[in-house]
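All of the numbers you see were taken from the coordinates with simple rules; none came from a lab. All values derive from a computational prediction rather than experimental measurement. Positions of Cβ are generated from backbone atoms using ideal geometry, with glycine treated the same way; all protein chains shown enter the neighbour counts.
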């Protein structure tokens with residue numbers, strides 16, 4: 001690569017050098033990008049002058065499951081960590097802590113989000129709903145009942161996230177197809193492999209009939225003895 | 001009653017889990033969720049070197065950091081670390097943030113030493129040694145019967161091939177870890193575990209306290225798959241932190257840690273040769289293999305074993321057999337038991353050989369299996385499965401599928417021990433007619449709590465909601481670890497026995513000949529001051545061992561992208577007595593789906609240059625997602641007279657074999673390495689250069705030559721590390 005001399009220590013670089021990248025981008029684009037960056041920086045500065053959080057704990061106020069609570073947290077604290085470590089709402093699970101598994105799914109103003117990728121301070125002035133906030137007065141919701149009846153869970157660690165995703169879907173689309181259920185749950189992982197039952201539960205909660213693909217066949221080997229060789 | 005009832009109200013029917021409501025509302029408290037008063041956050045500092053001599057670790061600055069209450073070393077004095085991620089020290093403090101900051105203040109003096117993380121590199125004569133006084137490739141095991149040379153000489157058809165399987169990570173969603181409250185009187189451990197008693201024994205041993213001074217609680221746990229049978233290094237560190245801080249400490253591992261230090265399924269490299277007569281009778285089998293269980297097999301777990309050996313020639317009995325297996329160590333985390341240790345690996349290569357032999361002999365692959373399978377139940381399963389799957393219409397000559405997207409079918413078989421073992425249970429009948437059943441087992445997601453309630457309800461003639469089930473505590477009568485698919489087959493007989501004894505006792509006390517049904521309330525009123533407490537235990541005759549299973553797969557392979565899509569899986573599973581049909585089916589779905597991951601997606605990637613795991617998260621280590629799940633059709637073989645067996649592991653074994661055979665059938669070319677990723681498909685089709693260079697192949701051949709020359713111990717049977 002001709003730009004390899006760009007590297008100050010003379011080592012060959014594998015990827016694009018900064019110069020190549022800028023060349024490729026074209027000078028006009030660079031100039032306008034730079035101007036844009038400057039104006040963004042100015043805007044940010046203006047904003048931060050008004051209100052600076054951190055790095056130490058800052059007072060924040062959050063509305064969780066309808067109740068407003070005050071906390072003192074550093075700005076780096078995620079909504080997930082706040083829920084799990086500063087309240088007793090541990091139904092929201094930590095699994096990957098990087099937006100890949102959906103176990104930490106909560107709603108912000110009714111929309112599912114990954115709470116591991118949401119800073120607690122960002123969630124101010126929003127309606128936060130966790131798994132504990134779904135059922136009112138101890139009565140299970142239709143979705144929760146369907147998860148229990150269809151066995152849409154095994155170890156149960158991913159379950160709160162799936163329940164949050166499915167419930168949000170059914171609010172938007174009361175009669176989804178299985179394809180739509182799969183799409184709504186595409187951000188949720190389960191290691192026990194419970195997906196078919198989660199899909200069945202979502203459809204049952206929506207009143208859509210699903211057929212069981214399971215068959216039991218009675219076999220009589222004529223002996224009770226375990227096989228001599230298996 | 002001494003036998004399972006013929007007519008049942010609950011057993012063999014579908015019942016929703018009794019703890020379902022707790023799990024769907026977030027009320028279920030896992031170890032990760034427990035919050036005793038004054039609890040501290042704990043975390044581990046891990047080695048950033050794949051191999052190094054550690055000369056000193058200074059915890060002073062970390063200990064003095066704001067909020068930090070305790071800091072301990074994983075091991076005192078100078079030491080060696082043998083993989084990236086090995087535990088060095090741990091600290092506990094008042095918040096996660098304080099602990100994360102303080103971890104950076106720990107000063108470690110270390111001299112990095114040469115390391116090796118790739119199996120092939122570790123077999124080279126000049127490779128860095130994992131243990132200075134040992135060999136990377138140690139002694140081998142040999143098993144021989146008949147005369148292999150003669151067997152092959154008499155064979156009308158011989159097939160030969162080489163196979164590779166990857167290191168698979170458990171990745172249970174709840175990470176490993178514990179909440180530990182140490183007091184001089186008692187150590188209480190809330191553990192994410194598959195064995196409350198094995199954690200108790202491990203902690204007691206580590207802390208040098210009597211076992212009676214350790215209490216382990218596990219109300220709920222978020223998956224283990226074989227990797228959570230002992231307290232682990234993290235359990236010992238949490239206990240010492242709690243002792244030092246004088247407060248409860250929660251030490252749960254991170255997702256990164258899960259890729260490094262808490263177990264995996266070993267890789268394997270196999271050379272296989274199989275011979276048969278013209279009518280398809282298997283005559284001779286030869287295997288040379290080696291695999292990698294990490295820096296040392298077993299590791300800090302009560303799971304034991306889990307080396308890289310596997311049962312061969314798996315489910316078949318072949319008169320002339322010679323098998324030689326070895327293990328190679330690298331600088332990586334140690335293996336642990338992983339859902340049916342050794343079996344999916346064994347099934348993958350053996351079933352591939354069966355298909356290739358069938359093609360060579362011009363015999364239908366299912367017919368060849370039925371002809372050679374020694375287990376009557378599995379033979380029956382092939383017959384049922386091929387009807388249900390539509391095998392006769394779907395099976396075509398390999399590679400004959402037209403078009404860009406090719407369709408293929410395949411099948412494979414499995415065996416597993418399962419069965420029950422020493423478990424005790426206790427039934428308490430209260431005067432108000434309510435019943436408590438206590439058993440020191442744990443529910444790893446299979447529905448153990450519900451199994452206890454259903455068995456008790458069946459025997460006592462009550463509805464399951466009248467039964468309060470208490471499990472997951474070492475204060476209850478002992479039960480074994482949930483490994484080897486033994487939980488249901490262990491607890492069901494123990495609860496059956498305890499309830500049968502309790503009913504007899506209640507009838508004696510009340511004077512009623514049958515205290516069940518309409519008589520129940522009246523009988524219970526006659527109990528007297530104290531509730532009736534009656535014990536029972538597991539005994540022979542109510543459970544059985546030996547479960548066979550077969551699976552069929554239909555796949556599409558896109559020959560332009562190399563992408564494999566599964567159209568359908570049919571799973572036929574030998575169940576013995578089905579306790580709860582609903583949760584039994586869920587386990588089978590799960591076994592199949594985890595098998596899809598093993599077949600197509602999963603595999604730990606190590607970096608040769610730095611010694612780190614390159615894919616320690618779910619973006620780069622792909623688990624099966626909802627979109628990857630095909631229709632799964634399940635057939636349960638109900639044989640109640642055999643008693644309870646256990647299905648968790650057998651249903652996972654043959655999935656990868658069936659999928660790999662279906663891919664080979666679609667393409668007419670066999671992919672001999674798992675996972676079957678698009679690059680391997682395209683390379684096999686000659687559309688991109690081969691994934692292995694000539695130098696790689698030379699290394700592989702040298703490694704096999706080394707295994708051939710190794711001294712070997714002769715064994716009767718291979719230990720497939722069934723726990």
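At a glance:
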{"quantity": "Tail beyond 20 Å, pair distance distribution of the stretch B:539-609 (Cα, percent)", "calculated": "51 percent"}
{"quantity": "Helical contribution to [θ] at 222 nm, DSSP H n ≥ 4, -39,500 (n - 2.57), averaged over chain B, rounded to 500", "calculated": "-8500 deg cm²/dmol"}
{"quantity": "Cβ-based exposure ranking for A:53, B:314, in which fewest neighbours within 10 Å come first", "calculated": "A:53, B:314"}
{"quantity": "Inter-chain shielding of B:165-173 (mean C-beta neighbours from other protein chains, 10 Å cut-off)", "calculated": "3"}
{"quantity": "Binned Cα-Cα distances of the stretch B:405-563, short to long, each 10 Å bin given as a whole percent", "calculated": "11, 34, 23, 14, 9, 6, 3, 1"}
{"quantity": "Euclidean distance between Cα centres, the stretch B:87-145 to the stretch B:352-368, Å", "calculated": "44 Å"}
{"quantity": "For the stretch A:135-230, the spread of Cα positions along each principal axis, largest first, Å", "calculated": "56, 29, 26"}
{"quantity": "Between the stretch B:157-199 and the stretch A:105-132, the Cα center-to-center distance that results, in Å", "calculated": "32 Å"}
{"quantity": "For q = 0.14 Å⁻¹, Debye-computed log10 I/I(0) when each Cα of the stretch A:43-183 counts as one equal scatterer", "calculated": "-0.69"}
{"quantity": "Cα convex hull of chain B, projected area averaged across orientations, nm²", "calculated": "32.5 nm²"}
{"quantity": "Relative contact order, percent, chain B [alpha-carbon distance under 8 Å, six or more residues apart]", "calculated": "17 percent"}
{"quantity": "Antiparallel DSSP beta bridges within the protein assembly as shown, percent to nearest 5", "calculated": "70 percent"}
{"quantity": "Over the stretch B:178-296, relative contact order from alpha-carbon pairs under 8 Å, at least 6 apart, %", "calculated": "24 percent"}
{"quantity": "Separation in nanometres of the label points that stand 7 Å from Cα toward Cβ, at residue A:43 and residue B:154", "calculated": "8.3 nm"}
{"quantity": "For B:652, B:176, order by how many other beta-carbon atoms lie within 10 Å, fewest first", "calculated": "B:176, B:652"}
{"quantity": "Contact order relative to length of the stretch A:58-133, as percent, for alpha carbon pairs under 8 angstrom and 6 or more apart", "calculated": "38 percent"}
{"quantity": "Gyration tensor verdict on the protein assembly as shown (Cα atoms; rounded if a/c is under 1.5, prolate if a/b is larger than b/c, oblate otherwise)", "calculated": "rounded"}
{"quantity": "Estimated distance in nm for a label pair at residue B:64 and residue A:76, the labels positioned 7 Å out from Cα along Cα-to-Cβ", "calculated": "2.1 nm"}
{"quantity": "Spacing of the two label points (7 Å from each Cα toward its C-beta) at residue A:172 and residue B:608, in nm", "calculated": "4.6 nm"}
{"quantity": "Sorted by Cβ density within 10 Å, fewest first, the residues A:139, B:164, B:381", "calculated": "A:139, B:164, B:381"}
